[in-house]
Structures are given as structure tokens and as C-alpha cells.
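Below is one structure; the comments refer to it alone.
Derivation of every value follows stated rules applied to the coordinates shown; laboratory data play no part. Not measured: the values here are computed from a predicted model. FYI the Cβ positions are ideal-geometry reconstructions off the backbone, even for glycines, and counts take in every protein chain you see.
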Amino acid sequence: MRHAVIMAGGSGTRFWPQSRREFPKQFLTLQGDRSLIQSTFDRCRPEIGPEQFWVVTNSTQAAVTREQLPEIPDGQVLTEPCGRNTAPCIGLAAIHLVRQDPDAVMVIMPADHVIRPAEAFRSLVDRAVRLTETDPGRLVLFGVKPTYPATGFGYIERGSTLPGETDAYSVSSFREKPDAPTAEGYVAAGRFFWNCGIFVWRAATILEALAEHEPQVYDRLQALSGHIGSDEWPRILADEFPRMPSISIDYSVLERAANICLLEASFAWDDVGSWEALSRLHEPDADGNTIVGPHCGVDTNGCIVRSEGEHLVATLGVEDLIVVHTPDATLVASRKDENAIRELVKKLQESGHERYL
């Protein structure tokens, strides 16, 4: 049986001031009427029922997760006592799954991406599950064909077609986030794909891979597994989980394992990493502005403006700005240097403005 595992522990600092520590990016509604994490849940339905959904988050965000996804059984919202990257996160879900269903197939995805259309996503998941059925040892990755030379994503180099398959490929290499010229070369080559962080494999298989390639994670998971559902679980989790190395599933397993399979995504994908994503999710006006919420502008060009509720944002004689209004904080930033928002958040912390974080 397939199970959906949603990784939902991110902070989304580049979406400040709407994204906060207790209400990060995955809980925001950036288009339509459903938040990013709710849309992730919707995307997998109806093929995966609520009782086969698992969310891995942290204690700070667990309450909002349950509020936004009330369909998921309470015990399947797993809370990490601290952040340890994706390998321990996925391993934590895997030990729960094999206890419930030894043959469980995990469909692992981040909580905060936009994927369209949902039908294409579900179709590719079906294909990936079939690949794990023909070879239970396979680790299936989704690769997105790049539409521009992105420097903020990791890349997967496609290898040869797998024997007996027409649309599934081996993986030649993994490449880190490149500089601009290298990214341009990847796009021109045609065999490189964005690593979108969506994986399909059997829970037992990924645990076996962790045992082989990252035993420090596996041994701690094994120490935890015998206490699932017991009164001792919170104490054992708080003791064992922080002792795991903080390491991604890419470094710990995928770049070392042999039986890796790549499927090319048949859907449009956006990791909505910053406010710039609004210009891709909403149609700009005639002056190149992306407006979400009440706004009135004169001589305003190429701006992104978002306002909550009925608060009007008025702009005059400006261009290439990001303006985000919330009830207690307003951001005005250059669109040309939106990554500096992370520096701003750090400055807020250093200057004693913790209440706004």
C-alpha cells in the first residue's frame, strides 16, 4: 500500500513578514483558497486515503499542521524534537510505516511546493509505484526539466534508459547548486534535471539503505522503533533523535546507492522559494506588477504587492519593489535583492525584535 509522507518542518524566512516561526511558508495560501500544505494533501487524493498520510514536522508547528489537515489521524503527525535534515526525517516516518505495513511504499514530498496539474503528478506517482513493484530495491526520484538556468537548485544528470523500460533512467551524477555559467551549460546539455525532492520507495528499502550508507542514523532509528506507541516514546525520541547526524537523504543515501531510478516529471513544478514566486503564480498587470490584495498605484512598475485583509497599499513612482503588509509588520524590499530578506530576519533577531519572528 502506498503512503504519502509530507515533510513539513521548514521555516520559509524569505516569506517574512507573513511567514513566522509558528506559521511558516507551508501554511500560507499563495493562490486559490488552500494553503501550500493543504494543496500537497489534495494533490495525492483520492488515490491515497487520509489514513495513509503522514506528516513530519516539529513541536512548534504541530498544532497548526493538525488544524490545517484535520483529516490525518493525530498519531500520524510526527514531531521532531529538533531539526536533523531529511535523512532522519524520512527515517522517522519509515520506522512508523514498516511497523504498520511491512510492504509500505512511501511517496515523499515537501509541504511547500506548487505542482500543476495534480493529475499529472498522480500519474507519475503511479508509474513510480509500479517500478518499486517490479524491483522492490529501487529508489525512484522525480526530476524536473529545467525551464531556465537556476542556480538555487541541485541537478540530477540522467543516465541511460533502464533495461526493459522506455521512460525510466539510471542516474549518472548529482550536481550541487551551480553558478550561472554552469547552470546554462546544464540546460543546454538537455540531460540535467532539477532535483525537486520528491521520492518513491519502499519504507523497508530506505531503512536498508540507511543501514548500509548511514549507520549512525539507522542505529538511532532502530533504538526508537521498539518504543513506537509506548509511554516511553516522547522521552526516547527526545534522547535519540538529536544524536543523529544532521544530513540530507541525498548525501546520506542517494549519492551512494546503486539502484537509483529517475523519472522525468510530467508536471509544472515551483518550489516557491521566495516572494518572487507570486509573479509566476499570478498574472502580472499591464505594468508588470503582481498584485495580491487591495492596491492602488501610480507610476508603479514591476512590483510585487501583497496585502492582508482590507488594508490598502498605495504606491507612487516606484519600480521593482516587494511590498508585503501584515497586521503587525510591513516589508518594503528591492525585488533585485530579495535574498537579502534572510539578512533582514537575522537583523530583526539581533536587534531584539523577536516578537515579529
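Against the main long axis of the alpha-carbon atoms of the chain, helix 86-100 sits at an angle near 50°. Applying a DSSP loop filter and a limit of 11 other Cβ atoms within 10 Å to the GluC sites (Glu not before Pro) in region 92-180 leaves E176. Amide H contacts of N301 (H built 1.01 Å from N, in plane; Pro and chain starts excluded): V318, E319, D320 sit under 5 Å, all sequence-distant by 5 or more or on other chains. Projecting label points 7 angstrom from Cα along Cα→Cβ for Y148 and A329 puts them 2.6 nm apart. Taking 19 Å as the cut-off, the amide N atoms of region 168-212 that come nearer than this to a point 7 Å along the Cα-to-beta-carbon line of W233 belong to 203-204. Over the residues of the chain, the helix contribution to mean residue ellipticity at 222 nm works out to -8500 deg cm²/dmol, using -39500 (n - 2.57) for each DSSP H run of at least 4.
Starting from 0.36 nm per residue, how many nanometres of slack lie between Y356 and D219 once their C-alpha separation is accounted for?
Working: separation 137, 0.36 × 137 = 49.32 nm, distance 3.94 nm.
So the chain would gain 45.4 nm between Y356 and D219.
Label-to-label distance, D167 versus K336, with points set 7 angstrom from Cα along the beta-carbon direction: 4.4 nm.
Mind jotting down a quarter of the surface of the convex hull over the alpha carbons of region 183-273, in square nanometres, one decimal? Let's see the in-between values first.
Details: hull surface 34.0 nm².
For the Cα atoms of region 183-273, the hull's average projected area reads 8.5 nm².
Calculate the tail of P(r) for region 62-147: the fraction of all Cα-Cα distances greater than 20 Å, expressed in %.
In whole percent, the share of Cα-Cα pairs in region 62-147 beyond 20 Å is 49.
Computing Rg and the Kirkwood Rh from the Cα coordinates of the chain gives a ratio, Rg/Rh, of 0.98. For region 85-113, list residues with backbone N below 20 Å from a point placed 7 Å from the Cα of R243 toward its Cβ? It comes to 85-96, nothing else.
Working from label points 7 Å from Cα in the Cα-to-Cβ sense, the R127 to E208 distance is 2.5 nm.
Where Rh is the Kirkwood radius over the Cα pairs of region 231-357, the temperature 20 °C and the viscosity 1.002 mPa s, what D in µm²/s does Stokes-Einstein return?
Numbers: Rh = 18.7 Å.
Once the numbers are plugged in, D ends up at 115 µm²/s.
Each listed q (0.13, 0.20, 0.30 Å⁻¹) maps to a log10 I(q)/I(0) for region 37-97 from the Debye sum over equal C-alpha point scatterers, namely -0.33, -0.78, -1.36.
Computed on the chain, with alpha-carbon pairs under 8 angstrom and 6+ residues apart, the relative contact order is 19 percent. For region 277-294, putting each phi into the Karplus relation 6.51 cos²θ - 1.76 cosθ + 1.60 with θ = phi - 60° gives couplings of 4, 4, 5, 8, 8, 10, 6, x, 7, 4, 9, x, 8, 10, 10, 10, x, x Hz, in residue order, rounded to whole numbers and with x for Gly and Pro. Candidate cross-link partners of K347 among the lysines, defined by an alpha-carbon separation under 24 Å and a same-chain spacing of 8 or more, comprise K25, K336.
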